[in-house]
1. Between S4 and T61, how high is the FRET efficiency from 1/(1 + (r/R0)^6) when r is the Cβ-Cβ distance and R₀ = 35 Å? Nearest 0.05.
2. Amide H to amide H under 5 Å from F87: which residues, 5+ apart in sequence or cross-chain, H placed 1.01 Å off N in plane?
3. What are the ³J(HN,Hα) values, in whole Hz, obtained from phi via the Karplus relation 6.51 cos²θ - 1.76 cosθ + 1.60 with θ = phi - 60°, for each residue of the range 61-75 in sequence order, with x given for Gly and Pro?
Amino acid sequence: MATSMNQFITGVVVVGVVLVMAIFIAGSIQDATYEDNTVATVTNETGSWLNETTYTVDSSTATNFAGLTILSAINTTDNSSIGVGNFSVSGSGFTNATATTWDSIWVTYSYSYSADTAASNASSDLVTSLSNGSGWLTILIVVGFATIVLGMLTSGLGRSARVESSLAY
């Protein structure tokens with residue numbers, strides 16, 4: 001019984017290590033297979049803010065978002081053009097750099113990001129599948145240990161009963 005328990009524990013450790021390595025490798029493949037520096041343009045995104053408050057663009061959640069450039073801005077109140085020099089760009093947004101306050105504008109901007117590819121999507125799906133499978137692995141481990149404990153109890157109780165029956169009272 002001790003040999004089978006040692007084999008079971010070794011098997012569980014090996015499966016756990018292989019699972020962790022597979023998740024790590026698939027995650028690395030996902031990161032490595034993104035298509036870098038894809039350029040996108042967003043036209044007439046509506047933004048509203050008070051003066052000198054940074055407006056974060058909607059597309060800032062794109063993977064590896066970078067290179068935000070304001071191409072044009074229009075005051076929606078009177079459809080007048082606002083010079084792009086009126087804005088300072090930083091990171092994932094821009095700030096009104098003048099004392100003028102606009103209640104609402106339409107802004108057109110471009111940015112670069114890392115696009116998904118078939119390989120990165122497949123790797124992402126694999127990571128998700130392996131991660132979701134770990135719940136089943138836990139159930140199997142618990143059932144395996146319960147089987148071992150019950151086997152030890154059964155063999156121990158059986159041995160004890162044989163010893164007791166051989167004693168004379």
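1. 0.10
2. Long-range HN contacts for F87: A97.
3. Working through the residues one at a time gives 7, 5, 4, 6, 4, 6, x, 5, 9, 7, 9, 7, 9, 10, 6 Hz.
FYI, it's all coordinate maths here, none of it is from the lab. Just so we're clear, the structure is a prediction, and the values are computed from it rather than from any experiment. Methodologically, a virtual Cβ is constructed for each residue, glycine included, from the backbone with ideal geometry; neighbour enumeration extends over all protein chains shown.
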